[in-house]
Amino acid sequence: MSLLAENSGDAQSRGTGDFSAHAEPYRRELLAHCYRMTGSLHDAEDLVQETLLRAWKSYDKFEGKSSLRTWLHRIATNTCLSALEGRQRRPLPTGLGAPGSDPTDELVERREVPWLQPLPDLTDDPADPSVIVGSRESVRLAFVAALQHLSPRQRAVLLLRDVLQWRAAEVADAIGTTTTAVNSLLQRARSQLENVRPSPNERLLAPDSAEAQDLLTRYIAAFETYDIDRLVELFTAEAIWEMPPYTGWYRGPQNIIALIHQQCPAEAAGDMRMLPLVANGQPAAAMYMRTGPRHVAFQLHVLDVGPDGVSRVVAFLDDTLFAKFGLPRSL
């Protein structure tokens with residue numbers, strides 16, 4: 001029996017014992033939804049747990065008027081809205097409003113800022129290619145960073161309407177407002193997003209495409225051989241480099257190369273090792289830096305890769321993220 005057919009039955013005849021089996025297939029997309037809402041992998045994991053706990057407690061009252069998937073997303077959305085009350089948005093350095101930095105200036109670190117975090121790949125399950133593409137685009141780092149400029153309710157409405165494709169009436173019912181209010185929130189959210197999101201004409205390569213794989217391989221090789229000057233040929237003319245928790249950001253290949261030469265602790269070939277991966281539906285790499293006889297977790301690089309090369313790198317200096325990506329702390 002399909003889940004939708006099962007949902008239409010008498011909810012009172014079900015206990016909570018089968019809840020986990022029915023809800024578990026939705027855990028990954030709930031994680032993506034909570035991540036888009038919060039911009040935090042750590043928070044998203046906690047909120048998914050809270051969502052499933054709330055759903056389990058009220059499962060015997062689930063009447064099957066909507067699909068279980070819709071019901072879980074409704075709970076997740078309201079759980080996120082409650083958690084976001086009074087919280088700061090999660091920016092990237094480019095979202096702080098300051099101009100590009102001089103690579104020769106001293107780095108300014110701000111650990112107290114709740115920085116945006118990357119998301120491990122969630123699209124390795126067999127699925128229709130169009131579903132995979134849509135899923136990747138909805139968690140693209142620049143898109144999630146743009147969402148942070150919206151209020152939590154604007155964020156919720158835009159995600160439910162434009163990503164999950166809910167009707168306005170469904171969204172209104174889910175967040176306890178009117179259809180008119182939903183349409184107004186959506187209009188304002190779309191307008192604000194247009195001012196901060198990447199150009200819709202910017203085409204990024206799929207992380208598993210031959211072109212993206214080739215660029216990532218060359219990118220990794222340049223670091224591992226400490227041939228940093230080779231990176232110039234990989235970056236686009238307007239490429240951007242940023243590395244939270246440092247507040248500066250840098251535009252153009254020459255500034256990026258100067259920054260790496262100036263600030264990177266590596267000194268020779270072999271000091272850095274990198275493992276390829278996928279983050280936010282984009283090519284990415286985990287960097288390990290030599291410390292004594294070992295290489296230890298240092299940075300996670302998430303790349304925007306298009307037909308013309310690498311247009312953006314966000315290098316996250318947060319070694320607590322490595323375990324979330326299933327990576328070892330040292331090599």
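The values are calculated or read from the model by the stated rules, or taken from the named source; none is laboratory data. Everything numeric here is computed off the predicted structure, so don't read it as measured data. Cβ coordinates were reconstructed from backbone atoms using ideal geometry, including for glycine residues, and neighbour counts include every protein chain displayed. When the accessible area is computed, the model is the full protein with side chains, heavy atoms only, and any ligands, DNA or RNA have been set aside. Shrake-Rupley method; radii C 1.70, N 1.55, O 1.52, S 1.80 Å.
Annotations for the structure displayed:
- Quotient of Cα Rg and 2.2 N^0.38 Å for region 146-267, N being how many residues it contains: 1.50
- With Rh defined as the Kirkwood radius, the inverse of the mean 1/r over Cα pairs, the Rg/Rh of region 17-87 is 0.96.
- Accessible surface, the chain, averaged per residue in Å² (probe 1.4 Å): 47 Å²
- Among Val182, Trp241, Ile260 the positive-end extreme of the charge dipole of the chain (Cβ point charges): Val182
- Rotationally averaged projected area of region 210-325 (alpha carbon convex hull; nm²): 6.9 nm²
- Surface share of carbon and sulfur [accessible, 1.4 angstrom probe, percent] for region 178-331: 48 percent
- Loop-located GluC sites (Glu not before Pro) in region 169-211 (DSSP state not H, G, I, E or B) with no more than 13 neighbouring Cβ atoms inside 10 Å: Glu202.
- Semi-axes of the equivalent ellipsoid of the chain are 39, 22, 18 Å, computed as sqrt(5λ) over the eigenvalues of the C-alpha gyration tensor in descending order.
- Charge context of Ser101, other residues only, Cβ under 14 angstrom, K/R +1, D/E -1: -3
- Rounded to the nearest 20 debye, dipole of region 210-325 from Cβ charges on Lys, Arg, Asp, Glu: 320 debye
- Nonpolar atom fraction for region 17-87, defined as the carbon and sulfur part of the 1.4 Å probe accessible area, stands at 49 percent.
- Globularity index of region 136-217, i.e. its alpha-carbon radius of gyration over 2.2 N^0.38 Å: 1.32
- Among Leu321, Pro25, Tyr59 the positive-end extreme of the charge dipole of the chain (Cβ point charges): Tyr59
- The chain, relative contact order [Cα under 8 Å, separation at least 6], %: 17 percent
- Karplus-derived HN-Hα couplings along region 268-279 (A = 6.51, B = -1.76, C = 1.60, θ = phi - 60°), whole Hz, x at Gly and Pro: 7, 4, x, 5, 10, 10, 9, 10, x, 7, 10, 9
- Label-point gap, in nm, between Trp56 and Arg230 - each point 7 angstrom along Cα→Cβ: 5.0 nm
- If you run the Gaussian network model on the chain, springs between alpha carbon atoms under 10 Å, then out of Ala174, Ala98, Ala142 the most flexible one is Ala98.
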